[in-house]
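Q: Have a look at this one before I ask anything.
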Amino acid sequence: MTKARHAADAHRLEDIPNIGPSIAGDLRGIGILQPAHLTGQDPYQLYQRVNHATGQRHDPCLCDCFIAAVRFMEGGASTPWWHYTAERKRRFEHDPDLAG
């Protein structure tokens, strides 16, 4: 599957870099049905919402994927999800409640 090179080219969640069928399903489960719905979202809150909706704490790398997807949809470059791991770890350390 070819991924979108720009936010405007993402027509399905799966078109967004770093988002495959499973993560797209997680997003749909919390009401994010199309790529444009990610614009303006807080990726850390998306992670908390998925954890709450499923009743389990997901791998924190899911949060990294959400950061990458939100930033991409807000006009950022297509960046691998692991680029955001250090940022997420700092944020979780600063605010442990975000980690679920």
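No value in this document is a laboratory result; all are computed from the given coordinates. Here the structure is a predicted model, which means the values were calculated and not measured. We place every Cβ from the backbone using ideal geometry, glycine too, and count neighbours over all the protein chains shown.
Q: Once phi is turned into ³J(HN,Hα) by the Karplus curve 6.51 cos²θ - 1.76 cosθ + 1.60 with θ = phi - 60°, what whole-Hz value does each residue of region 52-59 show in order, with x for glycine and proline?
A: Each residue's phi maps through the Karplus curve to give 5, 5, 9, x, 8, 8, 7, 3 Hz.
Q: Would you calculate a helix-derived [θ] at 222 nm for the chain, using -39,500 (n - 2.57) for each DSSP H run of n ≥ 4 and dividing by the full residue count, to the nearest 500?
A: Rounded to the nearest 500, it is -13500 deg cm²/dmol.
Q: Take every Cα pair under 8 Å in the chain that's 6+ residues apart, average their separations, divide by the length, and report that relative contact order as a whole percent.
A: Taking the mean separation of contacting Cα pairs over the length of the chain, I get 29 percent.
Q: Highest GNM mean-square fluctuation, the chain, Cα pairs closer than 10 Å: which of A69, A24, A77?
A: Answer for the Gaussian network model of the chain: A77.
Q: Here is a further query. Largest first and to the nearest Å, give the Cα extent of the chain along each principal axis.
A: Ordered largest first, the chain gives principal extents of 35, 25, 22 Å.
Q: Kirkwood hydrodynamic radius for region 51-93: how many Å is it when counted over pairs of different Cα atoms?
A: 11.0 Å
Q: Where does each of H52, H37 land when they are ranked from fewest to most other beta-carbon atoms within 10 angstrom?
A: Result, fewest neighbours first: H52, H37.
Q: Return the single residue from E74, E87, E14 with maximal mean-square fluctuation; model: Gaussian network over the chain, springs between Cα atoms under 10 Å.
A: Per the Cα network of the chain with a 10 Å cutoff, E87 tops the list.
Q: Counting other beta carbons within 10 Å of each residue's own, what order do D97, D26, D9 fall into, fewest first?
A: With the sparsest Cβ surroundings first, the list reads D97, D9, D26.
Q: Going by how many other Cβ atoms sit within 10 Å of their own, how do T39, T2 line up, fewest first?
A: Sorted ascending by nearby Cβ count, the order is T2, T39.
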